[in-house]
Every structure is written in C-alpha cells, then in structure tokens.
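First up is the structure itself, then whatever we jot down about it.
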Amino acid sequence: QVQLVESGGGLVQARGSLRLSCAASGRSFSLYAMGWFRQAPGKEREFVAAISWTGSITYYADSVKGRFTISRDNAKNTLYLQMNSLKPEDTAVYYCAARNGGTYSNLQDYVYWGQGTQVTVSS
C-alpha cells in the first residue's frame, strides 16, 4: 500500500508558476513509476506527465510540454511537478499516482492515487 498526499496548489495569474509536491508513504516509493493527472470541471481525468522509477525517463502531454517539469526525489519519497507559464486552461484538480507496470499515460494502470490539489489560473 502506498499513500500519496499532494500539496502546492492554489490560485495564480496567467504566466505564473507553481510547484506541486506529492509526498508518499507506505511501501517503497522508489519501486513505482509515478504520474501526474488532472481533471477540469465537466471533463475526464487526463494525463499530464510521468516519470520512471529511477527518474531517468520522463513523458509529457503535448499541452504541457516545454512548460511543466516532472521530477522525483526518492530519498525524500516525494514527486514534484514544476509548472511554468501557466494558462487558464491549466485550471484543474491535479492528482499524483503510482504504477508498477503498464503504460505511462493509461489511468487504469495506476494503482494508487492521491486526493488531489486544486490549481486555478486566472486570466
């Protein structure tokens, strides 16, 4: 079992920045590949970014590529999402999740989820 707790969300103006954190506890964090997803009101949850268990491989949705950076610190059991040049369309609840197989962008392959943190970008 892995428990995940996100933090760092909030209200920011367009073109601003935020850094989300996801603190993990329970079974060894470093055994899991990790991902960030988001869900806007009235929309389905969508893939944002993913990182391998070592941190050496990263993936991004086209909509955030060049603006967001995913990283992890296995010594601190923490996952991060640095978000720069934020846009109003980035407004959503952001979730971190853990998987130990499957496809990085497939929600169904993630077995542990956090409760989410709200990010609101004003124009």
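The values are calculated or read from the model by the stated rules, or taken from the named source; none is laboratory data. Since the model is a prediction, treat every value here as computed from it, not as a measurement. FYI the Cβ positions are ideal-geometry reconstructions off the backbone, even for glycines, and counts take in every protein chain you see. Ligands, DNA and RNA are excluded from the accessible area calculation, which covers all protein heavy atoms including side chains. Shrake-Rupley method; radii C 1.70, N 1.55, O 1.52, S 1.80 Å.
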- Alpha carbon centre of segment 1-43 versus segment 48-77: separation in Å? 11 Å
- Query: Carbon and sulfur atoms: what percent of the 1.4 Å accessible area of the chain do they account for?
  - Reply: 47 percent
- Note on the structure: Within segment 1-61, DSSP-loop GluC sites (Glu not before Pro) with at most 11 other C-beta atoms within 10 Å are GLU44
- Taking 0.36 nm per intervening residue step and subtracting the Cα-Cα distance, what contour gain separates ASN106 from THR58 on full extension? 15.8 nm
- May I ask you to derive the relative contact order of the chain, considering only C-alpha pairs under 8 Å and at least 6 residues apart, and to give it as an integer percent? 35 percent
- Rounded to the nearest 10 Å², the 1.4 Å probe accessible area of CYS96 is 0 Å²
- Query: Quick one: accessible area per residue over segment 17-123, 1.4 Å probe, rounded to a whole number of Å²?
  - Reply: 49 Å²
